[in-house]
Amino acid sequence: MKQIDLHKLSGFPKNKMGKILGYDNDYLKMPNKIIEMGLLPETIFRILYQAPFNGPMYVEFGEEKSRIALREEEGEYIIVEELN
Amino acid sequence: MQEHKKKQVLLVGNPNVGKSTVFNALCNKKQKTGNYAGVTVASHSGNYTYKNEEVEVIDLPGSYSVYPSSEDEAIFSKFLIDEQKNYEGVIYILEALSLKRGLLLFQQIQDLGIPMILVVNQIDQAARRGISIDIQKFSDALGIKIIQTNAKEQIGIEEIKEAVLKDGFKKADKISFETPNEHKDFIQKIAAHKGLDNEYKAWMSLSLGSELGRIESIKDLLNQPDSKSLVPKRLQVQETVRRYQSVDKILANVISKKAQFKELLTEKLDKVLVHKFWGYVVFLLILLIIFQSVFFLAEYPMNWIEDSFSWLAAFTGKHLPEGPVNSLVSSGIIPGIGGIVVFAPQIGILLYFLYLLEDSGYMARVVFLMDRLLRPFGLNGKSIVPLVSGTACAIPAVISTRNIENVKERLLTILVTPFMTCSARLPVYSIIIGLIISDGSFLGIKYKALVLMGMYLLGFLVALFSAAVLKRFIKNKEKTYLVMDLPTYKKPLFGYDLKMVLGKVWDFITGAGKIIFIVSIIVWFLSYFGPKQNPNQLVATNVELDHSYLAKMGKGIEPLIEPLGYDWKMGVGILTSFVAREVFVGTMSTLYSLDDDAPEVKVIDKMRRDVKPDGEKVFSFATGISVLLFYAFAMQCVSTLAVVYRETKSWKWTGFQVVMMTGLAYFVSLIAYQILK
């Protein structure tokens with residue numbers, strides 16, 4: 001079984017509230033769009049859906065409940081924690 | 001017209017904030033249709049006159065930041081920065097539902113010292129979500145007057161016009177982005193060196209990196225020790241994070257939110273539309289409905305058009321003086337043009353559906369659903385939009401690849417999109433299928449319809465397959481990614497989209513009409529004249545078709561096309577349709593109407609009866625299949641080539657595409673004919 005890493009956005013359980021803590025050390029390789037679209041530290045989010053075969057994730061985030069699609073690979077850059 | 005007096009203003013904002021709606025509301029009456037399908041990709045302009053002042057509105061592609069990450073965003077940034085002398089100011093559209101994201105770009109533009117008018121659109125939508133915005137406080141915090149609009153209801157549009165008239169564009173008093181201390185000295189050095197009036201411009205010229213061309217004159221400065229830490233990307237990230245922090249502070253004072261329990265439409269719809277299973281079912285259903293409508297709904301207008309052209313042909317045939325001109329007009333040009341106009345309803349319906357889907361926000365969901373499935377072929381989820389649009393026309397489809405960030409994925413999409421069955425292939429397919437496929441049906445579906453569906457499927461599969469092959473040959477280390485906004489669903493602009501579609505269809509008719517007109521005349525001339533038959537003649541006139549220049553040309557290429565099962569007439573048809581596929585129909589109409597003693601017989605019947613010297617039918621099953629395959633694969637469209645060159649800026653890839661597609665077409669047709677004959 002694949003070890004689920006709760007500390008990255010990819011692999012974060014669906015429909016649970018989480019908070020973005022920051023980015024991976026490799027963040028300079030991360031697409032700028034992620035930050036430009038507003039996935040910033042301290043942002044509260046929830047993964048609502050994921051396309052089949054580990055396809056893109058559908059993430060709802062922020063005060064304004066923006067929605068964004070991003071792949072698991074992009075999620076690897078984003079460090080998160082689960083909120084209870 | 002006094003062009004220079006026209007005021008030019010830019011319409012700017014994030015994608016999906018209702019820019020098109022505002023544009024449409026502003027320029028409702030005088031609309032220039034210079035745009036292409038893919039609402040968000042190409043820039044277009046329109047005019048309006050308000051209190052005797054003429055204004056040109058340029059609708060730029062939506063963007064999230066001045067730092068571009070795709071071709072359409074690069075177009076936006078380049079225009080915004082390079083054309084500053086020519087335009088009066090920027091009308092910036094903020095959507096009330098996503099103020100935060102919109103303010104990032106707004107403040108960047110403000111800091112560049114560009115005069116702006118700020119518009120907040122769809123405040124009613126925000127209210128429905130329990131969000132109230134204190135406009136007065138908001139305006140004070142941003143240092144700019146705010147115009148509230150609900151563009152769909154035409155509310156606030158007058159105010160925008162008034163503001164433009166009274167030069168309400170306003171520059172910011174101060175720069176909202178403070179240069180980080182660690183870079184301050186260096187930035188000031190650059191600003192001084194380049195004579196910039198504003199620190200942010202200096203900062204941006206560094207942060208842009210190579211994307212819009214770092215300015216040559218600061219190269220020497222960059223080698224100094226204090227510039228070592230200046231990685232453009234890091235600067236961009238630093239800027240974005242800082243800006244968002246300040247935006248958060250502003251918004252905290254401006255927005256108040258009530259708890260809201262009501263589930264919104266977008267949330268409800270997405271439960272089904274992006275569902276692991278039902279999402280795909282719905283997408284397939286939508287495609288099915290589109291194609292059903294294209295073929296069945298279009299039948300009625302098509303019949304009317306067909307009847308009108310037959311009547312016109314008969315009328316001119318009867319009333320024009322007997323002779324070659326009569327046959328040229330009544331059996332060449334009119335049926336040729338009619339053969340194209342008849343497809344206008346199908347093209348129109350297809351385009352209309354595509355516009356509506358894009359407009360409503362659904363296309364982004366399709367990208368979400370398809371991304372994982374397209375990746376093994378070297379494509380991106382965003383490639384689905386060009387691929388689907390390619391079923392209408394490859395030209396807008398190729399242009400709509402501009403929002404694919406990764407260069408390799410974009411190139412692959414451009415290279416394979418012309419394999420999709422575009423509407424110009426329809427006239428050819430219909431004629432050939434009509435000639436070689438019988439009228440029977442299978443499970444209630446006509447054979448003819450099945451074959452046509454097969455051709456669509458074939459185009460799609462070959463596009464995927466060739467992408468999978470080509471991806472091995474295109475080198476690119478750039479990372480591929482998908483980071484895409486999923487907009488709220490909106491009711492599409494039915495009227496606006498219809499207007500756009502009608503414009504497109506008209507362009508298609510006049511464009512194709514002109515080509516067919518010219519080609520028909522050339523074909524007619526070449527068939528009317530022939531090599532001299534006695535020494536006294538310069539050329540022979542009114543020759544038998546078999547002795548004409550045209551026949552000579554066609555017969556010249558016969559050795560090349562005979563193995564595919566084509567006679568010289570089809571050879572001429574194929575040669576002429578390298579200009580555009582649909583020309584085949586016009587050429588055939590002209591050729592067959594010239595070569596007969598029974599003018600009242602329909603062209604298609606003449607084609608059906610035509611036999612080779614050995615008595616075999618010219619349009620046999622094997623030949624027909626071979627023609628179908630040739631038209632499915634060959635690159636026969638000068639306009640698409642021109643667009644591919646413009647978008648790739650590479651003769652190498654454009655040439656490669658012609659050779660690859662046409663080579664494949666020849667090869668496959670050859671094999672098919674040789675097996676089936």
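The values are calculated or read from the model by the stated rules, or taken from the named source; none is laboratory data. Predicted model, so just to flag it, every value in this text is computed and none were measured. Heads up, the Cβs are rebuilt from the backbone with ideal geometry, glycines too, and the neighbour counts pull from every protein chain shown.
Filtering region B:247-272 to residues that are more than 20 Å from B:Ile144 (Cβ to Cβ), of a type in the set (A, V, I, L, M) and facing chain A (nearest Cβ under 8 Å) leaves nothing.
Working carefully through the options A:Arg67, A:Arg46, find the one that is more than 10 Å from the chain's Cα centre (by Cα) and crowded, with 16+ Cβ neighbours inside 10 Å.
Just one listed residue meets the conditions, A:Arg67.
What residue, of B:Asp72, B:Asp124, is crowded, with 24+ Cβ neighbours inside 10 Å, among the acidic types (Asp, Glu) and either in contact (Cβ under 8 Å) with a residue 24 or more places away in the chain or in contact with a helix residue (DSSP H, G or I) (Cβ under 9 Å, 6 or more places away or on another chain) (or both)? Residue meeting the stated conditions: B:Asp72.
Within region B:631-641, is there a residue that is within 30 Å of the chain's Cα centre (by Cα), farther than 19 Å from B:Phe525 by Cβ and surrounded by fewer than 18 Cβ atoms within 10 Å (Cβ to Cβ)? So that I can check it myself, show each step before the final result.
Taking region B:631-641 first, the residues within 30 Å of the chain's Cα centre (by Cα) are B:631-641.
If we keep only those that are farther than 19 Å from B:Phe525 by Cβ as well, we get B:631-641.
When the remaining residues are screened for being surrounded by fewer than 18 Cβ atoms within 10 Å (Cβ to Cβ), the result is B:638-639.
Yes, region B:631-641 has at least one match.
Of the residues examined, B:Gly615 is one that is surrounded by fewer than 21 Cβ atoms within 10 Å (Cβ to Cβ), without any contact (Cβ under 8 Å) to a residue 60 or more places away in the chain and under 23 Å from B:Pro563 (Cα atoms). Name the pairs: first residue in region B:99-119 and under 17 Å from A:Asn32 (Cα atoms) and not assigned by TED's automatic domain parsing to the domain that holds B:Ala141, second residue surrounded by fewer than 21 Cβ atoms within 10 Å (Cβ to Cβ) and β-branched (Val, Ile, Thr), Cβ to Cβ under 9 Å, at least 6 apart or on different chains? Final answer for the pair search is none.
Looking at B:Val643, B:Val618, can you tell me which residue is in contact with a strand residue (DSSP E or B) (Cβ under 8 Å, 6 or more places away or on another chain) and of a type in the set (A, V, I, L, M)?
Details: B:Val643 fails: in contact with a strand residue (DSSP E or B) (Cβ under 8 Å, 6 or more places away or on another chain).
None of the other options fit; the residue is B:Val618.
Just a yes or no: is a residue in region B:494-508 surrounded by fewer than 16 Cβ atoms within 10 Å (Cβ to Cβ), within 14 Å of chain A (Cβ to nearest Cβ) and at pLDDT below 85? Taking every residue of region B:494-508 in turn, none turns out to be surrounded by fewer than 16 Cβ atoms within 10 Å (Cβ to Cβ), within 14 Å of chain A (Cβ to nearest Cβ) and at pLDDT below 85. Within region B:468-495, being among the aliphatic types (A, V, I, L, M) and over 20 Å from the mean Cα position of the chain (by Cα) holds for B:Ala468, B:Val469, B:Leu470, B:Ile474, B:Leu482, B:Val483, B:Leu486. Counting only strands (runs of 3 or more DSSP E) that fall entirely inside region A:33-84 and contain at least 1 residues that are within 9 Å of chain B (Cβ to nearest Cβ) and not β-branched (Val, Ile, Thr), the qualifying elements are A:44-50, A:57-61, A:66-70. Pairs are defined by a Cβ separation below 8 Å, a sequence spacing of at least 6 or placement on different chains, a first member in region B:395-412 that is crowded, with 24+ Cβ neighbours inside 10 Å, and a second member that is part of a loop (DSSP other than H, G, I, E, B) and charged (D, E, K, R); the pairs so defined are B:Leu412/B:Lys471. Within region B:318-329, identify whether any single residue is under 30 Å from B:Glu267 (Cα atoms) and more than 14 Å from chain A (Cβ to nearest Cβ), and answer yes or no. Scanning region B:318-329, I find no residue that is under 30 Å from B:Glu267 (Cα atoms) and more than 14 Å from chain A (Cβ to nearest Cβ), so the answer is no.
For region B:482-529, how many residues meet the condition of being of a type in the set (Phe, Trp, Tyr) and under 30 Å from A:Gly75 (Cβ atoms)? First the steps, then the outcome.
First, the residues of region B:482-529 that are of a type in the set (Phe, Trp, Tyr): B:489, B:494, B:496, B:506, B:508, B:517, B:524-525, B:528-529.
Next, from what is left, pick out any that are under 30 Å from A:Gly75 (Cβ atoms): B:489.
Looking only at that region, the number is 1.
Would you list the helices (runs of 4 or more DSSP H) that sit entirely within region B:250-342 and hold 1 or more residues that are exposed (fewer than 15 other Cβ atoms within 10 Å of the Cβ) and at pLDDT below 85? It would help to see each step written out before you state the result.
Details: elements: B:265-273, B:278-292, B:299-319, B:324-327, B:334-341.
Answer list for region B:250-342: B:278-292, B:299-319, B:324-327.
Taken together, the residues in region B:63-83 that are in contact with a Gly (Cβ under 9 Å, 6 or more places away or on another chain) and either more than 10 Å from chain A (Cβ to nearest Cβ) or not hydroxyl-bearing (Ser, Thr, Tyr) (or both) amount to 3. Just a yes or no: is a residue in region B:102-110 out of contact with any helix residue (DSSP H, G or I) (no Cβ under 8 Å at 6 or more places or on another chain), modelled with pLDDT of 90 or more and within 28 Å of B:Glu263 (Cβ to Cβ)? Checked against the condition, which is being out of contact with any helix residue (DSSP H, G or I) (no Cβ under 8 Å at 6 or more places or on another chain), modelled with pLDDT of 90 or more and within 28 Å of B:Glu263 (Cβ to Cβ), region B:102-110 yields at least one hit. B:Phe343 meets the conditions (1) without any contact (Cβ under 8 Å) to a residue 12 or more places away in the chain; (2) more than 13 Å from chain A (Cβ to nearest Cβ) in every case but one. The failed one is (1).
When restricted to residues that are assigned to a loop (DSSP other than H, G, I, E, B) and free of Cβ contacts under 8 Å to residues at least 60 places away in the same chain, region B:537-552 contains 6.
Among the residues of region A:21-41, just one is hydrophobic (A, V, I, L, M, F, W, C), farther than 22 Å from B:Gly102 by Cα and in contact (Cβ under 8 Å) with a residue 24 or more places away in the chain, namely A:Leu21.
The one condition from (1) closer than 17 Å to B:Gln636 by Cα; (2) surrounded by fewer than 22 Cβ atoms within 10 Å (Cβ to Cβ) that B:Ala392 does not meet is (2). Taking the criterion of being farther than 11 Å from B:Thr623 by Cα and among the aromatic types (Phe, Trp, Tyr), the residues of region B:652-677 that qualify are B:Trp653, B:Phe656, B:Tyr666, B:Phe667. For region B:218-229, the count of residues that are at pLDDT below 90 and within 14 Å of chain A (Cβ to nearest Cβ) is at least one. Restricting region B:230-246 to residues that are over 22 Å from B:Leu486 (Cα atoms) and in contact (Cβ under 8 Å) with a residue 40 or more places away in the chain, the residue that is nearest to the other protein chains (Cβ to nearest Cβ) is B:Gln236.
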